[in-house]
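Notes to accompany the following structure.
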Amino acid sequence: MKLLKISLLTLFLAVNFISLNAQSKTKTYALKKGHVFDIIFINTKPDTKQKLQNYFKTAFPVAEKMGYHRLPGVAIKGNPTQGNYHPESMIFGYWDTLNGREKFLQDIQKIMPDFHEERRNIWSTFGLTYYELKQDLSFNIDPEKFNIATAYWHKDKSSFQKFKQRWIQKMKKAGGQTQVELTEGASPFGYNYNPDYFIITTWENKAAFEQFYKENLNMDHSSVKHVNQFQI
């Protein structure tokens with residue numbers, strides 16, 4: 001039993017389910033134009049260790065043959081700063097091609113007919129957005145700094161663009177730095193989590209972020225349909 005627990009822990013770390021204690025070093029990411037970047041927000045159900053082990057053993061070899069690469073994930077720290085969704089982890093990965101990413105969901109069911117059912121058995125929430133990169137993407141997540149992930153859905157694209165420009169101006173003026181900025185994502189059927197604008201920002205400390213946060217909350221949000229925001 002003790003050996004099984006150790007093996008499972010090793011497996012979880014390998015697939016990016018990172019504990020808060022594991023976040024002791026800066027995570028560096030480098031993707032190329034044409035790669036398809038996966039961002040997944042999850043909550044894992046209790047008592048699912050055996051199901052997780054079986055899922056990883058079956059699904060990951062298929063995904064990797066089709067061009068999937070695992071990347072270090074991050075835990076969500078504390079309560080969300082905005083929005084009504086509280087995932088426990090943000091999982092990263094990438095695919096060599098868009099065709100491989102989309103074909104995986106078709107082919108995996110031939111090998112694992114209960115693939116989607118097992119995901120529902122293991123995770124109470126599983127929100128997936130993928131982005132076909134139009135240019136190279138490199139970024140860092142330094143756990144010694146204050147990192148924020150923000151997702152916006154807009155009511156109207158044109159008016160939201162003005163909101164976004166003001167948001168970015170205020171963020172930079174307050175000392176924030178952009179790590180990741182993504183638009184035009186997609187979600188597979190059954191896993192919808194597709195914000196119109198997704199950005200990860202880095203701040204020297206909590207106080208620097210909170211200076212911006214107060215101004216952000218007072219902005220005109222009439223063009224914004226919804227927001228999720230988390231510390232990572």
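The values are calculated or read from the model by the stated rules, or taken from the named source; none is laboratory data. Model, not experiment: these values are computed from the prediction. Every residue, glycine among them, receives a Cβ derived from its backbone with ideal geometry; neighbour counts consider all protein chains shown. Remember, those area values only see protein heavy atoms, side chains included, never the ligands or the DNA or RNA. Shrake-Rupley method; radii C 1.70, N 1.55, O 1.52, S 1.80 Å.
Overview of results
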| read-out | value |
| --- | --- |
| Exclusive hit being of a type in the set (A, V, I, L, M, F, W, C), in a strand (DSSP E or B) and open to solvent by 20 Å² or more (accessible area, probe 1.4 Å), set 41, 126 | 126 |
| Any chance residue 108 is in a strand (DSSP E or B) and surrounded by 16 or more Cβ atoms within 10 Å (Cβ to Cβ) | no |
| Residue, nearest to residue 121 (Cα to Cα), within region 1-34, restricted to residues that are modelled with pLDDT of 50 or more and open to solvent by 30 Å² or more (accessible area, probe 1.4 Å) | 1 |
| Meets criteria (free of Cβ contacts under 8 Å to residues at least 12 places away in the same chain and either assigned to a strand (DSSP E or B) or in contact with a strand residue (DSSP E or B) (Cβ under 6 Å, 6 or more places away or on another chain) (or both)) for residue 79 | yes |
| Inter-residue pairs, beta-carbon under 9 Å, first in contact (Cβ under 8 Å) with a residue 60 or more places away in the chain and in region 92-119, second open to solvent by 30 Å² or more (accessible area, probe 1.4 Å) and of a type in the set (Val, Ile, Thr), 6+ apart | 118/58 |
| Pick from region 50-87, criterion basic (Lys, Arg) and modelled with pLDDT of 95 or more, ranking: farthest from residue 110 (Cα to Cα) | 70 |
| Selection status of residue 142, over 24 Å from residue 76 (Cβ atoms) and in contact (Cβ under 8 Å) with a residue 60 or more places away in the chain | no |
| Selection from region 62-71 of residues that are open to solvent by less than 60 Å² (accessible area, probe 1.4 Å) and either in a helix (DSSP H, G or I) or touching a helix residue (DSSP H, G or I) at 6+ places or on another chain (Cβ under 9 Å) (or both) | 62, 63, 66, 67, 68 |
